[in-house]
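Have a look at the structure below, then the notes.
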Amino acid sequence: QVQLVESGGGVVQPGGSLRLSCTASGNIFNFNTMGWYRQAPGKQRELVADVKRNGTTNYADSVKGRFTISRDNAKQTLALQMNSLKPEDTAVYYCSAWGLAYDYWGQGTQVTVSS
C-alpha cells in the first residue's frame with residue numbers, strides 16, 4: 001500500500017514563501033509522474049505542477065515563475081517551493097503520483113495566503 005504524506009502548509013502573508021514536502025512510503029522512482037494539485041473552496045481540483053521520472057516538469061500558467069517542483073528519488077520525497085504567494089493561491093494542496101494503471105493521493109495540506 002503506497003502512502004503519500006504532505007507537510008509544510010500554513011498561513012503566510014502575500015508575497016511570502018512556503019515549501020511543501022511529500023514523503024512516499026514506497027520507491028518513488030517507480031512512479032511515472034508525481035505532482036501537486038490544489039483545490040480552493042467551491043472550485044475544482046487543479047494541477048499545479050508535475051515532474052516525470054526523467055525530470056521533465058510542467059507548471060500551470062498561474063504559478064509559472066513563482067513555484068518550483070522537485071523530486072528526490074533517493075529520499076523518496078517530492079517538494080514544491082512556492083514564492084511570491086498570492087491570496088488566490090489559498091487552497092488545500094495534494095501530493096499525487098500516477099501512471100497508466102494507478103494513481104495515489106495524499107491527505108492534503110492547507111495553504112492560506114492572507115494579510
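Counting only lysines at least 8 places from K43 when in the same chain, those with an alpha carbon closer than 18 Å to its own are K86. Considering only alpha-carbon pairs that sit under 8 angstrom and 6 or more positions apart, the relative contact order computed for the chain is 37 percent.
Contact order normalised by length for region 1-64, with contacts defined as Cα pairs under 8 Å and 6 or more residues apart; what percent is it?
Rounded, it is 22 percent for region 1-64.
Of the residues F31, T68, G99, the one whose Cα sits farthest toward the positive end of the charge dipole of the chain, with +1 on the Cβ of Lys and Arg and -1 on the Cβ of Asp and Glu, is T68.
Placing R0 at 35 angstrom, the Cβ-Cβ distance between S62 and N27 gives a FRET efficiency of 0.65 after rounding to 0.05. Region 6-41 and region 62-115 have their alpha-carbon centroids 3 Å apart. Which lysines have a Cα less than 27 Å from the Cα of K75, not counting those fewer than 8 places away in the same chain? Straight-distance partners of K75: K52, K64. A simple charge model with +1 on the Cβ of Lys and Arg, -1 on the Cβ of Asp and Glu and nothing else charged puts the dipole of the chain at about 160 debye relative to its Cα centre. Pull out a ≥ b ≥ c, the square roots of the eigenvalues of the alpha-carbon gyration tensor of region 1-44, then state rounded if a/c is under 1.5, prolate if not and a/b is larger than b/c, and oblate in the remaining case. Prolate. Modelled this way, with points 7 Å down the Cα-to-C-beta line, the labels at K52 and S115 are 4.2 nm from one another.
Charging the Cβ of each Asp and Glu at -1 and of each Lys and Arg at +1, and nothing else, the dipole of region 9-73 about its Cα centre rounds to 40 debye. Scaling the Cα radius of gyration of the chain by the globular reference 2.2 N^0.38 Å produces a ratio of 1.00.
Values in this text are rule-based calculations from the coordinates and carry no lab data. This one's a predicted model, so the numbers in the text were calculated from it and none came from an experiment. When we count neighbours, we look across all protein chains shown, and the Cβ atoms used for this are built from the backbone with ideal geometry, even at glycine.
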